[in-house]
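Participant: Sharing a structure with you now.
The values are calculated or read from the model by the stated rules, or taken from the named source; none is laboratory data. Just so you know, these numbers come straight off a predicted model, no measurement behind them. Positions of Cβ are backbone-derived with ideal geometry, glycine not excepted, and every protein chain shown enters the neighbour counts.
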Amino acid sequence: MTPPPLLEIEDLVVSFTTRRGVFEAVRGVSLHVEPGETLGIVGESGSGKSVTMQAVMGLIEAPGAIERGAMRWNGEPLSGTRHGPRAAVAGREIAMVFQDAMTSLNPLLTVGVQITEVLRRHKGLKAAAASARASELLRLVGITNPEGRLHYLPHQFSGGMRQRIMIAMALAAEPALLIADEPTTALDVTIQAQIVDLLAELRDRLHLSVVLVTHDMGLVAELCDRVAVMYAGRIVETAPVQELFAAPAHPYTAGLLRSMPRLDDSAGRLEAIEGSPPDPSDLPEGCAFRTRCPRAQEDCIHDPLTTDLGSGRGVACWHPLAPPVAHGQEARVHAGE
Amino acid sequence: MPESEMAKQADPAKRLVEFTDVSVAYDVQRAAFWHRKPPPFRAIDGVSFQIGRGETLGVVGESGSGKSTIGKALLGRAPLATGNISFDGRDISKLSGAAMRRLRRHIQPVLQDPYASLNPRMRVADIIAEPLLVHGIARGKEAEARVAQLLNLVGLPSDTASRHPGSFSGGQRQRIGIARALAVEPDFIVADEPVSALDVSIRAQIINLFRDLQQELGVAYLFIAHDLAIVRHVSHRIAVVYAGRVAEIGPRDAIYGSPQHPYTRALLDAVPIPDPARRGERRPTIRGEFGRPGDEDHGCRFAPRCPLATKICREAVPPLAAKAPGHLAACWNS
């Protein structure tokens with residue numbers, strides 16, 4: 001029997017109640033993360049990518065609620081309330097790094113106090129041991145003179161350093177899975193690259209599984225093994241990263257890849273996706289992408305089912321792009337490029 | 001001499017904007033009343049460049065580099081400490097209030113955050129027509145017709161006019177902001193990170209819109225961004241700024257094809273390669289973070305992070321010197 005995935009989400013539905021009514025931010029998401037794997041969840045704002053991961057972490061708060069769905073950790077249910085699993089697994093075995101470190105750190109406490117708190121709560125360390133371990137963690141994330149820096153307040157660090165501290169805190173409880181939600185978006189370009197390199201290095205050194213939530217296909221290409229593309233609360237395509245970039249099956253994925261400004265093509269017009277992402281409280285009937293889709297036909301008014309394309313690929317589309325070639329052929333396509 | 005080299009780039013007759021040794025300084029508060037007053041902070045320091053009619057200069061730099069200050073200086077919203085800025089042959093720092101107001105018509109801003117820059121209580125028609133009224137260009141029916149024309153120009157349906165900005169997505173709001181900037185038929189638009197707040201699928205639309213409008217209307221842009229991938233598709237020339245100074249400036253293809261300044265190279269290296277088959281090819285990133293300690297001001301401000309830095313880099317400010325026709329870099333080692 002194959003071992004269960006590290007994390008498994010099945011048919012997750014998360015709704016939010018607003019003055020305009022109840023709308024679903026996540027509309028039936030199923031995904032899994034294998035041990036040692038880096039999964040990219042790609043989507044634009046409002047696609048539900050962050051909300052899905054917040055549900056895993058038990059961070060859905062009113063007016064949000066988990067309507068439906070199962071979440072399992074190593075095959076065991078992540079039991080909890082309507083707002084998500086209890087903090088037993090989330091926080092200890094699953095840790096999360098957010099986009100904006102300044103709002104996630106307490107501005108009034110030194111970083112040493114904040115890191116040792118995690119160590120005392122989750123690892124049961126005493127003050128001296130916790131303090132020694134905290135400096136070790138800061139050194140691990142590339143902060144020089146860690147013993148001295150433990151006494152600094154968050155604002156005494158630059159944005160890049162704060163993000164390193166957030167990563168150190170997330171690693172304090174020695175999690176098996178690290179969820180990084182847009183970890184570099186708020187940073188300057190050269191600092192983004194530093195944090196990406198740090199995440200890749202830590203993942204390999206500590207054998208972490210990672211879920212990278214991002215809108216940046218470039219980051220996905222650099223870090224991920226497998227990708228789930230989200231649009232309007234659903235996963236529209238899943239694929240191993242090489243296959244996704246070489247032959248996207250969903251028209252939205254293809255559009256995202258084509259519309260990216262890049263350094264290595266001619267600097268002409270960009271191929272844009274027309275229209276705007278739909279309002280989550282007012283989605284088109286059937287496929288939510290159909291109003292922007294160049295391949296849309298009449299039957300797209302019906303909800304597309306997810307088709308299994310084999311070799312770990314799936315697409316939720318009535319008219320996917322040219323069916324991906326078999327695995328061996330694909331390998332040759334790459335070699336020829 | 002940098003100035004003479006710069007002069008070769010733009011035909012003087014077509015030259016629209018000229019920065020000559022421009023510095024912008026802001027007063028710094030003393031830490032406590034018994035402390036000595038710190039020297040003013042130079043957000044930009046000795047910046048020179050030109051922009052021709054119908055041309056786009058992309059300005060790239062990290063936060064704190066002074067890239068937005070360059071735009072503010074051109075809009076007359078930053079205090080000049082040295083140098084002068086000329087627009088269409090007139091020195092804007094010497095203009096009287098009334099003349100400055102007339103000039104403002106020709107230089108319009110497009111801002112980063114389309115959520116914060118549009119008044120939520122105004123109808124879109126009134127937002128776009130406001131500059132027409134302020135500058136006494138059109139009113140009533142005439143203004144209404146102009147609004148309809150502008151909405152069409154930026155690709156918005158005509159029923160947009162009677163709605164409020166709250167009901168639009170980020171991309172549509174940015175189109176409204178662009179329509180407003182274009183209302184008075186400016187010669188020049190200062191666009192400060194106009195696509196940074198937008199979703200990925202929308203960015204390309206707005207970048208294309210900037211390109212199309214330039215072709216149609218001949219308007220020139222100062223296009224500010226923090227990322228070299230974004231400006232590539234809109235710029236004719238690109239200036240890379242670091243710590244308030246121009247590190248490198250040149251034609252687009254020269255900047256991407258043969259970058260001369262190590263900082264430009266670092267910015268190019270930092271962009272992820274969107275191709276998993278080429279994973280690991282990105283060169284290692286430069287270390288450290290941008291900082292501006294005052295006592296390092298004798299030398300190159302990039303020297304503390306620069307992999308090529310030598311003794312002279314810490315002792316003398318490198319001049320912005322020509323490396324190829326129209327391609328200048330401020331580096332002792334390039």
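Participant: Please list, ordered by first then second residue, the pairs with beta carbon atoms under 6 Å, 6 or more apart or interchain, first in the range B:196-209 and more than 7 Å from every other protein chain (Cβ to nearest Cβ) and over 12 Å from A:Met260 (Cβ atoms), second part of a helix (DSSP H, G or I) and not polar (S, T, N, Q).
Facilitator: Listed by first residue and then by second, the contacts come to B:Leu198/B:Gly170; B:Leu198/B:Gly171.
Participant: Oh, and also: Answer yes or no as to whether A:Ala70 is in contact (Cβ under 8 Å) with a residue 24 or more places away in the chain, outside any loop (DSSP other than H, G, I, E, B) and in contact with a helix residue (DSSP H, G or I) (Cβ under 8 Å, 6 or more places away or on another chain).
Facilitator: Working: in contact (Cβ under 8 Å) with a residue 24 or more places away in the chain: yes; outside any loop (DSSP other than H, G, I, E, B): yes; in contact with a helix residue (DSSP H, G or I) (Cβ under 8 Å, 6 or more places away or on another chain): no.
Here the answer is no, as A:Ala70 does not meet what is asked.
Participant: Here are B:Gly97, B:Gly76, B:Gly71: which of them is at positive phi and either modelled with pLDDT of 90 or more or out of contact with any Asp or Glu (no Cβ under 8 Å at 6 or more places or on another chain) (or both)?
Facilitator: B:Gly76
Participant: Something else: Give the residues of the range A:215-245 that are small (Gly, Ala, Ser) and either surrounded by fewer than 23 Cβ atoms within 10 Å (Cβ to Cβ) or under 13 Å from A:Gly36 (Cα atoms) (or both), sorted by residue number.
Facilitator: Just the residues of the range A:215-245 that are small (Gly, Ala, Ser), to begin with: A:218, A:221, A:228, A:232-233, A:239.
A:Gly218, the sole residue that qualifies.
Participant: Checking A:Pro323 against (1) within 14 Å of another protein chain (Cβ to nearest Cβ); (2) modelled with pLDDT under 90, which single condition isn't satisfied?
Facilitator: Of the numbered conditions (1) within 14 Å of another protein chain (Cβ to nearest Cβ); (2) modelled with pLDDT under 90, the odd one out for A:Pro323 is (1).
Participant: Whether any residue in the range A:180-195 is within 30 Å of B:Asp212 (Cβ to Cβ) and aliphatic (A, V, I, L, M) is what I want to check.
Facilitator: yes
Participant: While we're here: Restricting attention to the range B:189-215, and to residues there that are of a type in the set (Gly, Ala, Ser) and under 22 Å from A:Met230 (Cα atoms), which single residue is surrounded by the fewest Cβ atoms within 10 Å (Cβ to Cβ)?
Facilitator: Taking the range B:189-215 first, the residues of a type in the set (Gly, Ala, Ser) are B:191, B:196-197, B:201, B:204.
Add one more test, that the residue is under 22 Å from A:Met230 (Cα atoms), and what stays is B:196-197, B:201, B:204.
On the way: B:Ser196: 14, B:Ala197: 19, B:Ser201: 23, B:Ala204: 24.
Out of the qualifying residues, it is B:Ser196.
Participant: Ok, one more. Tell me yes or no: at least one residue of the range B:292-302 is among the hydrophobic types (A, V, I, L, M, F, W, C) and either under 21 Å from B:Ile230 (Cβ atoms) or not in a loop (DSSP other than H, G, I, E, B) (or both). Steps first, answer last, please.
Facilitator: Narrowing the range B:292-302 to residues among the hydrophobic types (A, V, I, L, M, F, W, C): B:300, B:302.
With the extra rule that they be either under 21 Å from B:Ile230 (Cβ atoms) or not in a loop (DSSP other than H, G, I, E, B) (or both), the set shrinks to none.
So far as the range B:292-302 goes, no, none of its residues is among the hydrophobic types (A, V, I, L, M, F, W, C) and either under 21 Å from B:Ile230 (Cβ atoms) or not in a loop (DSSP other than H, G, I, E, B) (or both).
Participant: Out of all the residues in the range B:302-334, which are of a type in the set (S, T, N, Q) and surrounded by 14 or more Cβ atoms within 10 Å (Cβ to Cβ)? I'd like the intermediate steps shown before the answer.
Facilitator: Filtering the range B:302-334 for residues of a type in the set (S, T, N, Q) gives B:310, B:333-334.
Result: B:Asn333, B:Ser334.
Participant: Could you tell me whether the range A:113-127 includes any residue that is in contact (Cβ under 8 Å) with a residue 40 or more places away in the chain and part of a loop (DSSP other than H, G, I, E, B)?
Facilitator: no
Participant: What is the number of the single condition among (1) among the aromatic types (Phe, Trp, Tyr); (2) surrounded by fewer than 24 Cβ atoms within 10 Å (Cβ to Cβ); (3) within 17 Å of B:Ser65 (Cα to Cα) that B:Tyr263 does not meet?
Facilitator: The failed condition is (2).
Participant: Moving on. Can you pull out the residues in the range A:174-184 that are away from every other protein chain (no Cβ under 14 Å) and within 11 Å of the chain's Cα centre (by Cα)? Break it down into steps so the answer makes sense when it comes.
Facilitator: Step one: list which residues in the range A:174-184 are away from every other protein chain (no Cβ under 14 Å), which gives A:174-181.
Passing the criteria: A:Leu178, A:Ile179, A:Ala180, A:Asp181.
Participant: Among (1) in contact with a Leu (Cβ under 7 Å, 6 or more places away or on another chain); (2) farther than 30 Å from B:Ala191 by Cα; (3) not aromatic (Phe, Trp, Tyr), there is one condition B:Pro304 misses while meeting the rest; what is its number?
Facilitator: Status for B:Pro304: all satisfied but (1).
Participant: Just a yes or no: is a residue in the range A:237-249 among the small types (Gly, Ala, Ser) and within 12 Å of chain B (Cβ to nearest Cβ)? So that I can check it myself, show each step before the final result.
Facilitator: The first filter runs over the range A:237-249 and keeps only residues among the small types (Gly, Ala, Ser), leaving A:239, A:246-247, A:249.
Now narrow it down to the ones that are within 12 Å of chain B (Cβ to nearest Cβ): A:239, A:246.
The answer is yes; a qualifying residue exists.
Participant: Among the residues of the range A:185-209, which ones are facing chain B (nearest Cβ under 10 Å) and acidic (Asp, Glu)?
Facilitator: Correct list: A:Asp188, A:Asp197.
Participant: Oh, and also: Among the candidates A:Ala267, A:Ala254, A:Ala232, A:Ala246, which residue alone is without any contact (Cβ under 8 Å) to a residue 12 or more places away in the chain and assigned by TED's automatic domain parsing to the domain that holds A:Val13?
Facilitator: That would be A:Ala267, the only listed residue that is without any contact (Cβ under 8 Å) to a residue 12 or more places away in the chain and assigned by TED's automatic domain parsing to the domain that holds A:Val13.
Participant: Report the residue count in the range B:221-252 for those that are within 12 Å of chain A (Cβ to nearest Cβ) and either in contact (Cβ under 8 Å) with a residue 60 or more places away in the chain or closer than 23 Å to B:Gln108 by Cα (or both).
Facilitator: Result for the range B:221-252: 16.
Participant: Which number in (1) of a type in the set (D, E, K, R); (2) in contact with a strand residue (DSSP E or B) (Cβ under 7 Å, 6 or more places away or on another chain); (3) assigned to a helix (DSSP H, G or I) marks the one condition that A:Arg164 misses?
Facilitator: Only one criterion in (1) of a type in the set (D, E, K, R); (2) in contact with a strand residue (DSSP E or B) (Cβ under 7 Å, 6 or more places away or on another chain); (3) assigned to a helix (DSSP H, G or I) is unmet by A:Arg164, namely (2).
Participant: May I pose another question? Mind listing just one residue for me: the one in the range A:14-39 that is more than 17 Å from the chain's Cα centre (by Cα) and not in a loop (DSSP other than H, G, I, E, B) and, of those, surrounded by the fewest Cβ atoms within 10 Å (Cβ to Cβ)?
Facilitator: In the first step, residues of the range A:14-39 are kept if they are more than 17 Å from the chain's Cα centre (by Cα); the result is A:15-24.
Adding the requirement that they be not in a loop (DSSP other than H, G, I, E, B) leaves A:15-18, A:21-24.
On the way: A:Ser15: 20, A:Phe16: 18, A:Thr17: 12, A:Thr18: 11, A:Gly21: 9, A:Val22: 12, A:Phe23: 16, A:Glu24: 20.
That would be A:Gly21.
Participant: Quick check on this structure: which one of B:Val317, B:Val241 is touching a Gly at 6+ places or on another chain (Cβ under 7 Å), in the same structural domain as B:Ala225 (by TED's automatic domain parsing) and farther than 26 Å from A:Gln156 by Cα?
Facilitator: Details: B:Val241 fails: farther than 26 Å from A:Gln156 by Cα.
Being touching a Gly at 6+ places or on another chain (Cβ under 7 Å), in the same structural domain as B:Ala225 (by TED's automatic domain parsing) and farther than 26 Å from A:Gln156 by Cα holds for just one of B:Val317, B:Val241, which is B:Val317.
Participant: What pairs come up if the first residue lies in the range B:149-161 and is assigned by TED's automatic domain parsing to the domain that holds B:Ile176, the second is part of a loop (DSSP other than H, G, I, E, B), and their beta carbons are under 8 Å apart, counting only those six or more places apart or on different chains?
Facilitator: Pairs found: B:Leu150/B:Ala183; B:Leu151/B:Pro157; B:Thr160/B:Phe168; B:Ala161/B:Arg123.
Participant: Out of the residues in the range A:289-303 meeting the condition of being assigned to a loop (DSSP other than H, G, I, E, B) and charged (D, E, K, R), tell me which one is nearest to the other protein chains (Cβ to nearest Cβ). Show your work before the answer.
Facilitator: Step one: list which residues in the range A:289-303 are assigned to a loop (DSSP other than H, G, I, E, B), which gives A:289, A:293-297, A:302-303.
If we keep only those that are charged (D, E, K, R) as well, we get A:295, A:303.
Working: A:Arg295: 16, A:Asp303: 22 Å.
Across the range A:289-303, the extreme among qualifying residues is A:Arg295.
Participant: Still on this structure, I have one more. Quick one: is B:Gly218 without any contact (Cβ under 8 Å) to a residue 24 or more places away in the chain, surrounded by fewer than 22 Cβ atoms within 10 Å (Cβ to Cβ) and out of contact with any strand residue (DSSP E or B) (no Cβ under 9 Å at 6 or more places or on another chain)? Before the answer, list the steps.
Facilitator: Numbers: without any contact (Cβ under 8 Å) to a residue 24 or more places away in the chain: no; surrounded by fewer than 22 Cβ atoms within 10 Å (Cβ to Cβ): yes; out of contact with any strand residue (DSSP E or B) (no Cβ under 9 Å at 6 or more places or on another chain): yes.
Considered against the rule, which asks whether it is without any contact (Cβ under 8 Å) to a residue 24 or more places away in the chain, surrounded by fewer than 22 Cβ atoms within 10 Å (Cβ to Cβ) and out of contact with any strand residue (DSSP E or B) (no Cβ under 9 Å at 6 or more places or on another chain), B:Gly218 comes out as no.
Participant: For residues that are hydroxyl-bearing (Ser, Thr, Tyr) and under 22 Å from A:Ser30 (Cβ atoms), scanning just the range A:268-317, find the one that is surrounded by the fewest Cβ atoms within 10 Å (Cβ to Cβ).
Facilitator: The first filter runs over the range A:268-317 and keeps only residues hydroxyl-bearing (Ser, Thr, Tyr), leaving A:276, A:281, A:291, A:306-307, A:311.
Next cut, under 22 Å from A:Ser30 (Cβ atoms) only: A:306-307, A:311.
Working: A:Thr306: 16, A:Thr307: 15, A:Ser311: 12.
Ranking the candidates gives A:Ser311 first.
Participant: Related question: So, A:Leu212, is that one surrounded by fewer than 24 Cβ atoms within 10 Å (Cβ to Cβ) and more than 9 Å from chain B (Cβ to nearest Cβ) or not? Show your work before the answer.
Facilitator: Values: surrounded by fewer than 24 Cβ atoms within 10 Å (Cβ to Cβ): no; more than 9 Å from chain B (Cβ to nearest Cβ): yes.
Judged against the criteria, A:Leu212 is not a match.
Participant: Is it the case, given these coordinates, that A:Glu147 is surrounded by fewer than 18 Cβ atoms within 10 Å (Cβ to Cβ), part of a helix (DSSP H, G or I) and at pLDDT 90 or above? Steps first, please.
Facilitator: Numbers: surrounded by fewer than 18 Cβ atoms within 10 Å (Cβ to Cβ): yes; part of a helix (DSSP H, G or I): yes; at pLDDT 90 or above: yes.
So A:Glu147 fits the description; yes.
Participant: Let me ask something else. Filtering the range B:55-102 down to residues that are assigned to a strand (DSSP E or B) and β-branched (Val, Ile, Thr), which residue is nearest to the other protein chains (Cβ to nearest Cβ)? If you could, list the steps in order and put the result at the bottom.
Facilitator: Going through the range B:55-102, the residues assigned to a strand (DSSP E or B) turn out to be B:56-60, B:80-87, B:90-91.
Those still in the list that are β-branched (Val, Ile, Thr) too: B:56, B:59-60, B:82, B:85.
Numbers: B:Thr56: 11, B:Val59: 14, B:Val60: 9, B:Thr82: 27, B:Ile85: 27 Å.
My answer is B:Val60.
Participant: Being of a type in the set (Gly, Ala, Ser) and out of contact with any helix residue (DSSP H, G or I) (no Cβ under 9 Å at 6 or more places or on another chain) is the filter; apply it to the range B:139-175 and report the residue that is nearest to the other protein chains (Cβ to nearest Cβ).
Facilitator: Going through the range B:139-175, the residues of a type in the set (Gly, Ala, Ser) turn out to be B:140, B:143, B:145, B:148, B:155, B:158, B:161-162, B:166-167, B:169-171.
Of the ones still in play, those that are also out of contact with any helix residue (DSSP H, G or I) (no Cβ under 9 Å at 6 or more places or on another chain) are B:140, B:145, B:166-167.
On the way: B:Gly140: 32, B:Ala145: 27, B:Gly166: 12, B:Ser167: 9 Å.
The extreme case among them is B:Ser167.
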